[in-house]
1. Give, as a single signed number, the net charge of other residues whose beta carbon lies under 14 Å from the beta carbon of Asp199, with Lys and Arg counted +1 and Asp and Glu -1.
2. Where the centre of each part is set by its Cα atoms, how far does the range 293-368 sit from the range 113-177, in angstrom?
3. Round to the nearest 10 and report in Å² the accessible area of Asp180, as given by a 1.4 Å probe over the protein chains' heavy atoms.
4. Carbon-plus-sulfur fraction of the accessible area of the range 227-276, 1.4 Å probe, in percent?
5. Determine the alpha carbon to alpha carbon distance for each of Lys183/Lys353; Lys154/Lys357; Lys313/Lys353; Lys183/Lys357 and list only those over 25 Å.
6. Taking H as built 1.01 Å from N, whose amide H comes closer than 5 Å to the amide H of Glu319, not counting residues under 5 places away?
7. What whole-number value in Å² describes the accessible area per residue of the range 170-248 for a 1.4 Å probe?
8. Calculate, in nm to one decimal, what Asp287 and Glu173 gain on full extension: separation in residues at 0.36 nm each, minus their alpha carbon distance.
Amino acid sequence: MKLRVLIAALAALFALQSGVAAAATTTSRTSGKTVSVAKPKAVATKSAKKTVATKKAAAKPAVKSKVASKAKPTRKTVARAKAAPMRVTLRKAAAAPALAVAPAALLADEALALDASGMPVLGSSAFYVINQNTGEVLLERNGAAVLPIASITKLMTAMVVLESGQRLSEPIEITEGDIDRLKGTGSRLSLGTTLTREDMLHLALMSSENRAASALARNYPGGEAAFVEAMNVKARLLGLWNTRFHDSTGLNPGNVSSPRDLAKLVAASASFPLIREFSTAHERYVDINGRMLRFGNTNSLVRSPEWAISVSKTGYISEAGRCLVMQTWLHQQPVVMVLMDSYGRYTRTADAKRVRKWLEQTVTQRMAAAPQRIGG
């Protein structure tokens with residue numbers, strides 16, 4: 001009996017030990033499964049962190065680039081831009097497309113656009129409009145800016161020729177020295193063409209013939225160098241302190257002036273009857289080597305019956321943009337218009353129309369009340 005009890009007790013003890021061992025094994029397996037599951041989660045979390053960090057790192061250069069594009073130019077950058085010797089423009093690039101004018105639109109009676117200060121919106125970066133009779137400045141922007149003037153130069157060329165006392169009937173020949181080797185422009189005045197000094201002057205002013213202007217300077221006493229010197233001396237005598245000349249044609253971008261100076265130049269040119277006549281002529285037929293060739297005026301406004309123009313000159317080279325200077329009459333008052341650095345082929349003409357329209361709408365009463373004067 002005792003033996004049976006002892007065997008039962010041993011069996012119970014063995015069963016109890018087996019149950020504890022099984023439970024330990026189950027716990028160990030369950031723990032192993034938990035770790036094995038937890039580890040992938042941890043790895044995935046680290047991978048996600050690395051991905052976010054990579055995206056942030058990739059985004060940083062783009063942010064820097066964006067900030068750099070908005071950064072304002074430094075003083076050194078501005079100083080270098082001001083020191084650039086060639087193209088000098090005062091226009092804002094964004095304004096150009098809005099002001100582009102097609103030829104058909106030039107004749108349209110559109111509403112006059114005004115800026116915040118009440119001035120007409122123009123495509124010329126610098127302009128100066130003055131009542132020559134009273135000296136009243138009617139309109140101005142960047143009037144003191146010194147810019148290339150292109151063929152506006154030829155007004156000074158004409159004054160020097162006419163003041164030289166040389167015979168206007170003297171024949172002058174076009175030679176290789178008159179070929180444009182700076183800009184490569186062409187001409188219908190072929191080598192060997194011989195015209196009178198008067199004809200050369202006429203074509204230089206009306207059609208802006210560069211070879212004609214060059215021939216006039218070459219045939220000056222002392223040659224071209226003396227002629228250019230005479231141009232600069234005349235500029236000083238007229239008080240054109242911001243004006244410099246390097247040739248008689250205006251092809252050299254070193255020929256510079258300001259709108260205020262050019263207004264004085266136009267006023268001085270108006271005192272020469274031949275400059276008034278030649279610069280505003282509609283056309284001229286000239287015998288070139290046995291052929292009659294037509295030369296027209298580069299300013300289309302001289303053919304308009306709505307305008308009374310006494311002096312006119314256009315100009316263009318890439319460094320100067322499109323330029324136009326005129327002495328015109330409004331309410332029997334001589335008004336000098338200077339339009340410089342216009343970006344479009346037709347914009348300078350459209351600007352002149354806008355200026356006239358603005359004058360008629362805003363200062364008509366003042367001009368009508370001013371003392372009247374007859375003549376150029």
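The values are calculated or read from the model by the stated rules, or taken from the named source; none is laboratory data. From a predicted model like this one, the values you see are computed outputs, not experimental measurements. Please note: Cβ atoms are built from the backbone with ideal geometry, for glycine as well, and neighbour counts cover all protein chains shown. Accessible surface areas use protein heavy atoms only, side chains included; no ligands, DNA or RNA. Shrake-Rupley method; radii C 1.70, N 1.55, O 1.52, S 1.80 Å.
1. On the way: positive: Arg167, Arg188, Arg197, Arg211, Arg284, Arg294; negative: Glu170, Glu173, Glu198, Glu209, Glu277, Glu283, Asp287.
Spelling it out: positives minus negatives among the neighbours equals -1.
2. Taking the Cα centre of each part, the range 293-368 and the range 113-177 sit 11 Å apart.
3. Only protein atoms counted, so the area is about 20 Å².
4. Values: 1060 of 1790 Å².
The value for the range 227-276 is 59 percent carbon and sulfur by accessible area.
5. On the way: Lys183/Lys353 30 Å; Lys154/Lys357 28 Å; Lys313/Lys353 16 Å; Lys183/Lys357 36 Å.
Beyond 25 Å between Cα atoms: Lys183/Lys353; Lys154/Lys357; Lys183/Lys357.
6. none
7. On the way: 3350 Å² over 79 residues.
For the range 170-248, the solvent-accessible area averages 42 Å² per residue.
8. Working: separation 114, 0.36 × 114 = 41.04 nm, distance 1.34 nm.
Fully extending the segment from Asp287 to Glu173 adds 39.7 nm.
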